[in-house]
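Below is one structure, written out as structure tokens; comments come after it.
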Amino acid sequence: MSIYDLFNIQGCTALITGAGRGIGRVIAYTMAEAGCMVALLGLHRENLEKVAGELGGKCEKILVLPADVSRRDEIDASFQQVESTFGRLDICINNAGVSQQVPAEDISEADWERIIDVNLKGVFLCCQAAARLMIPKKSGTIINIGSISASAVNVPQKQAVYNASKAGVVMLSRSLAVEWAPHGIRVNSLSPGYIETEMTRSTMSHLFPVWRELIPMERLGKPDDLRGALLYLASDASVYMTGHDMIVDGGYMAR
Ligand code: NDP
């Protein structure tokens with residue numbers, strides 16, 4: 001087997017949450033370009049349809065699944081559709097997430113619930129639904145998108161709840177990795193550093209110069225910078241890796 005064969009995921013099926021824009025859109029591209037059939041899950045159908053249109057030529061089969069990751073009924077129905085369309089799920093990448101910058105003393109209970117529900121409960125519900133498809137096949141790989149905010153308190157933005165939700169994603173991934181290893185399922189998290197997307201541009205673009213100063217590579221990341229790590233974690237190249245948090249951050253956490 002050539003070294004490149006280890007990275008071969010051609011013909012696999014992959015589900016990506018939050019696939020309508022930003023990092024999720026690039027994850028969808030990466031999986032499609034690597035030869036997977038893809039299921040695109042996200043809140044707004046129009047965003048998913050746009051990505052599906054862009055991927056059209058690259059992908060044998062595309063499924064568009066408008067759903068809220070924090071709603072069990074919507075997630076269960078979406079994964080059932082994956083099973084009836086593809087017959088199996090090989091790769092599940094849980095990327096959907098929300099952020100909010102508010103001082104901890106002011107954050108409302110409703111905002112706490114929204115952030116934890118999407119970022120942590122949503123990841124759990126999708127992992128659970130994925131595992132129910134993967135366990136009978138005794139194989140599968142799950143990648144949960146964490147963040148450097150899981151292990152560092154980034155400044156100057158105030159986002160205690162977001163940080164806590166991402167720390168939860170990393171520990172949840174480790175826990176599920178241990179529970180599901182006997183079923184042939186690997187679970188890892190991929191934690192990006194600062195990436196220029198709608199999430200960071202919409203409320204924090206004024207902080208970009210501050211962040212650049214803190215990043216040894218002296219630039220924010222682009223969603224494309226995650227492609228290699230994604231293919232590595234999704235494929236047999238990482239066959240003996242589970243429960244790992246892979247950080248891709250331009251050296252930010254190395255300081
Ligand atoms: P964006 O805000 O650009 O995109 C978020 C995506 O998540 C959107 O496609 C959105 O759907 C989807 N989404 C939001 N809420 C839900 C929900 N309830 N159910 C289903 N889908 C939902 O964010 P990024 O691309 O920047 O971030 C993607 C992930 O990466 C997040 O988990 C984020 O925390 C993480 N991350 C981002 C970093 C960054 O610097 N950008 C750094 C570290 C981690 P729709 O398109 O329909 O609105």
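The values are calculated or read from the model by the stated rules, or taken from the named source; none is laboratory data. Since we're looking at a predicted model, the values are computed, not measured. A quick note on method: Cβ atoms are made from the backbone with ideal geometry, for glycine too, and the neighbour counts reach across all protein chains shown. These area figures cover heavy atoms from the full protein model, side chains too; ligands, DNA and RNA do not enter into them. Shrake-Rupley method; radii C 1.70, N 1.55, O 1.52, S 1.80 Å.
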Identify all residues within the range 31-54 that are open to solvent by less than 50 Å² (accessible area, probe 1.4 Å) and either modelled with pLDDT under 95 or closer than 20 Å to Cys127 by Cβ (or both); write none if there are none.
-> Met31, Cys36, Val38, Ala39, Leu40, Leu41, Gly42
Of (1) in contact (Cβ under 8 Å) with a residue 40 or more places away in the chain; (2) more than 10 Å from the ligand (Cβ to nearest atom); (3) of a type in the set (Asp, Glu); (4) open to solvent by 40 Å² or more (accessible area, probe 1.4 Å), Asp90 satisfies all except one. Which?
-> (4)
So, in the range 185-213, of the ones that are more than 16 Å from Ile247 (Cα to Cα) and hydrophobic (A, V, I, L, M, F, W, C), which residue ends up nearest to the ligand (Cβ to nearest atom)?
-> Met199
Keeping to the range 13-26, report how many residues are open to solvent by less than 10 Å² (accessible area, probe 1.4 Å) and within 9 Å of the ligand (Cβ to nearest atom).
-> 3
Residues located in the range 165-180, provided they are in contact (Cβ under 8 Å) with a residue 40 or more places away in the chain and either closer than 24 Å to Ile27 by Cα or under 15 Å from the mean Cα position of the chain (by Cα) (or both) | Ser165, Lys166, Gly168, Val169, Val170, Leu172, Ser173, Arg174, Leu176, Ala177, Trp180
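Check Leu226, Leu207, Leu230 and return the single one that is touching a Pro at 6+ places or on another chain (Cβ under 9 Å) and under 26 Å from Gly11 (Cα atoms).
Details: Leu207 fails: under 26 Å from Gly11 (Cα atoms); Leu230 fails: touching a Pro at 6+ places or on another chain (Cβ under 9 Å).
Only one candidate qualifies: Leu226.
To keep it simple, each residue is scored yes or no on (1) of a type in the set (Asp, Glu); (2) under 16 Å from the mean Cα position of the chain (by Cα).
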position: Tyr4; (1), (2): no, no
position: Ala14; (1), (2): no, yes
position: Gly24; (1), (2): no, yes
position: Glu49; (1), (2): yes, no
position: Glu54; (1), (2): yes, no
position: Ile91; (1), (2): no, yes
position: Gly97; (1), (2): no, yes
Please go through the range 69-82 and pick out each residue that is surrounded by 15 or more Cβ atoms within 10 Å (Cβ to Cβ) and over 14 Å from Phe124 (Cβ atoms).
-> Glu74, Ser78, Gln81, Val82
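Against the definition (in contact (Cβ under 8 Å) with a residue 60 or more places away in the chain, open to solvent by 40 Å² or more (accessible area, probe 1.4 Å) and away from the ligand (no atom under 13 Å from the Cβ)), how does Leu6 come out, yes or no? Outline the logic, then answer.
Values: in contact (Cβ under 8 Å) with a residue 60 or more places away in the chain: yes; open to solvent by 40 Å² or more (accessible area, probe 1.4 Å): yes; away from the ligand (no atom under 13 Å from the Cβ): yes.
Yes, satisfied.
Condition check ((1) surrounded by fewer than 18 Cβ atoms within 10 Å (Cβ to Cβ); (2) of a type in the set (Asp, Glu)) across all residues:
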site: Trp180; (1), (2): no, no
site: Ile185; (1), (2): no, no
site: Asn188; (1), (2): no, no
site: Val210; (1), (2): yes, no
site: Glu218; (1), (2): yes, yes
site: Gly221; (1), (2): no, no
site: Asp225; (1), (2): no, yes
site: Ala234; (1), (2): no, no
In the range 14-35, residues that are among the polar types (S, T, N, Q) and more than 13 Å from Leu65 (Cβ to Cβ) total 1
